[in-house]
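Presented below is the structure to which this report refers.
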Amino acid sequence: MGRAEKPSARRPAIQLNVKTILNKIQPHAGFVLQDIRLQGRRGRPERIEITVRAQASMQGRCSRCQRPVPGDDQLEEREGQHVPLWAIPTWFRYAPRRVECPEHGVVVEYIPWNEGKRRLTTAMMGFLARWARRRSWRKTAQVFQVRWEAVYRSVAWFVAWGLAPRELKEVESIGVDEIHWGRGLRASNFLTVVYQIDAHCRRRLFVGKGRSKRTLRQGLKVLGPEVVQGLRFVCSAMWKPYLEVMAAQAGEALQVRDRFHITMPLNQAVDQVRRTESMRLRGASPAAAQQLKHTRWALLRRGSHVRGRARQKLNALLASQLQTARAWELKEAFAHFWKYRSVTWAGAFLDYWTWRAMRSRLEPMKKVARMLRAHEPLLLNWFRANGEIYAGAVEGLNNKIRVITRRSYGFRTFEAMEVALYHTLGRLPEPESTHRYC
Ligand SMILES: [Zn+2]
């Protein structure tokens, strides 16, 4: 609805009724609102029915090419659920004509507020889809009194609309990641996700089942050979199949390791040291074991982000002679690496850090050090790509995806989740809406 306007002397105020409002915000040339009825029982409004009729003087349009074509043969009345008015379920009713197009033969006419035989009007689908991005699909269905499937189909329609004309030009940097989904560690519990991580645009481009070479090849096929060969930076999880496919298909692109993919194994190593030590101490030194209890969260956060009582506990732990404390210090020291601007200095720091880690006598930390050494050129590429890739992109998108997949109880199928991921992270173009609330 339009801006709030002051009633002016020149423009007479309009007597409002539903027909006027609808004609104002949702006019459909060639159709008139015949009748709007409020139905209900015992004075309680239950349903609004908007009956539409075609203007006799106007020909119907072919539903495939939208050209005006002859035909008056009326079909049975159809209903489409519309955006609720004042929270009252609202329906459009219309008996479409059968028309005869010289090109497409006898077809049902084009109905501008509805698509095919769908039970929801396009305005309603856009309305539900927009709300579904703010609330869970289940909540959206509940609030607007439709079935979960209606929300799902609306979002799917919305996404399909946006995918159709998708421009993939100007994709220069992509991130490739594996996401765990559901329970267990079977191949079917992983998804491969490809994002665009350019400084100017960050969005999700592809999601596929599994994390094999085949999955990623499918993803690259979606992007098309032109985009893949034009890539400048690829930031992927340290997963061998990905690295191999990317090297084979986008050989020109610089392979980059970003902070997120280094921080994860570092954190895992610290946690492993903590668990092993905690087990060892349980028998020998209960007091020391007590110190390690409930510290996991504080240990894995960035040091500067730990405050209050957690900080006190962490400080006490760090003052101890425990292996966990040394592992934590190594992890924290590594954060410095990302502050460098020069490739040379970053390389020197990496050498120093891995040297320290190799002498730490902490096997998990040594393992990380070996991995970092093996990936050194890729790690340093981060500094060569400086500024071209948005630093937090991978982590940010990854976290968002985790939030969405965690809600996955609502998404009974992979297809539904795929739609959800496009919907929230795809940055797709959207259909215009006459009933836009959000
Ligand atoms: Zn046609």
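The values are calculated or read from the model by the stated rules, or taken from the named source; none is laboratory data. Because the structure is predicted, anything quoted here is derived from the model rather than measured. All Cβ positions, even for glycine, are placed from backbone atoms using ideal geometry, and neighbour counts span all protein chains on display. Note: accessible area is taken over every heavy atom of the protein model, side chains too, but ligands, DNA and RNA are not part of it. Shrake-Rupley method; radii C 1.70, N 1.55, O 1.52, S 1.80 Å.
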Exercise. Is it the case that some residue within segment 136-159 is in a helix (DSSP H, G or I), touching a Gly at 6+ places or on another chain (Cβ under 6 Å) and closer than 30 Å to Trp113 by Cα?
Worked result: yes
For this session: Sort through Arg361, Arg341 and tell me the only one that's charged (D, E, K, R) and either under 22 Å from Gln255 (Cα atoms) or outside the structural domain of Arg274 (by TED's automatic domain parsing) (or both).
Result: Arg341
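Please go through segment 354-391 and give me each residue that is open to solvent by 30 Å² or more (accessible area, probe 1.4 Å), outside any helix (DSSP H, G or I) and within 30 Å of Arg203 (Cβ to Cβ), ordered by number. Explain how you work it out, then say what you get.
As a first pass, look at segment 354-391 and keep what is open to solvent by 30 Å² or more (accessible area, probe 1.4 Å): 355-356, 358-359, 361, 363, 366-367, 370-371, 373-378, 384, 386-388, 390-391.
From what's left, outside any helix (DSSP H, G or I): 359, 361, 375, 386-388, 390-391.
Selection gives His375, Asn386, Gly387, Glu388, Tyr390, Ala391.
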Exercise. Name the residues in segment 77-97 that are open to solvent by less than 10 Å² (accessible area, probe 1.4 Å) and within 16 Å of the ligand (Cβ to nearest atom), would you?
Worked result: Pro96
Exercise. Out of (1) more than 16 Å from the ligand (Cβ to nearest atom); (2) at pLDDT 90 or above; (3) open to solvent by 20 Å² or more (accessible area, probe 1.4 Å); (4) touching a strand residue (DSSP E or B) at 6+ places or on another chain (Cβ under 8 Å), what's the single condition that is false for Thr122?
Worked result: (4)
Exercise. Cβ-Cβ below 6 Å, separation at least six or inter-chain, first residue in segment 289-310 and more than 14 Å from Lys331 (Cβ to Cβ), second of a type in the set (A, V, I, L, M): which pairs?
Worked result: Ala289/Leu281; Gln291/Leu317; Ala310/Ala298
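Checking the structure you have, find out if any residue of segment 98-112 is away from the ligand (no atom under 16 Å from the Cβ) and either surrounded by fewer than 21 Cβ atoms within 10 Å (Cβ to Cβ) or not assigned by TED's automatic domain parsing to the domain that holds Pro70 (or both).
Within segment 98-112, not a single residue is away from the ligand (no atom under 16 Å from the Cβ) and either surrounded by fewer than 21 Cβ atoms within 10 Å (Cβ to Cβ) or not assigned by TED's automatic domain parsing to the domain that holds Pro70 (or both).
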For this session: Give just the number: which of (1) open to solvent by 50 Å² or more (accessible area, probe 1.4 Å); (2) in contact (Cβ under 8 Å) with a residue 40 or more places away in the chain; (3) within 24 Å of Leu421 (Cα to Cα) does Arg61 not satisfy?
Result: (3)
For this session: Can you work out which of the residues in segment 251-280 that are in contact with a Lys or Arg (Cβ under 9 Å, 6 or more places away or on another chain) and among the small types (Gly, Ala, Ser) is nearest to Lys221 (Cα to Cα)?
Result: Ala253
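Here's the yes/no breakdown for (1) in a strand (DSSP E or B); (2) touching a strand residue (DSSP E or B) at 6+ places or on another chain (Cβ under 8 Å); (3) open to solvent by less than 70 Å² (accessible area, probe 1.4 Å):
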site	(1), (2), (3)
Arg166	no, no, yes
Val171	no, yes, yes
Asp177	yes, yes, yes
Leu185	no, no, no
Val193	yes, yes, yes
Leu205	yes, yes, yes
Exercise. Somewhere in segment 117-135, is a residue within 17 Å of Glu432 (Cβ to Cβ), of a type in the set (Ser, Thr, Tyr) and assigned to a loop (DSSP other than H, G, I, E, B)?
Worked result: yes
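Of all residues in segment 151-163, which are touching a residue at least 24 places away in the same chain (Cβ under 8 Å) and either open to solvent by 20 Å² or more (accessible area, probe 1.4 Å) or of a type in the set (D, E, K, R) (or both)? I'd like the intermediate steps shown before the answer.
Here is the first cut: in segment 151-163, the ones touching a residue at least 24 places away in the same chain (Cβ under 8 Å) are 152-159, 161-163.
Passing the criteria: Tyr152, Arg153, Ala156, Trp157, Trp161, Leu163.
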For this session: Please work out which residue is nearest to Thr354 (Cα to Cα), limiting yourself to segment 260-294 and to residues that are at pLDDT below 90 and charged (D, E, K, R).
Result: Arg280
Problem set entry | Selection from segment 35-72 of residues that are within 16 Å of the ligand (Cβ to nearest atom) and not aliphatic (A, V, I, L, M) | Gln59, Gly60, Arg61, Cys62, Ser63, Arg64, Cys65, Gln66, Arg67, Pro68, Pro70, Gly71
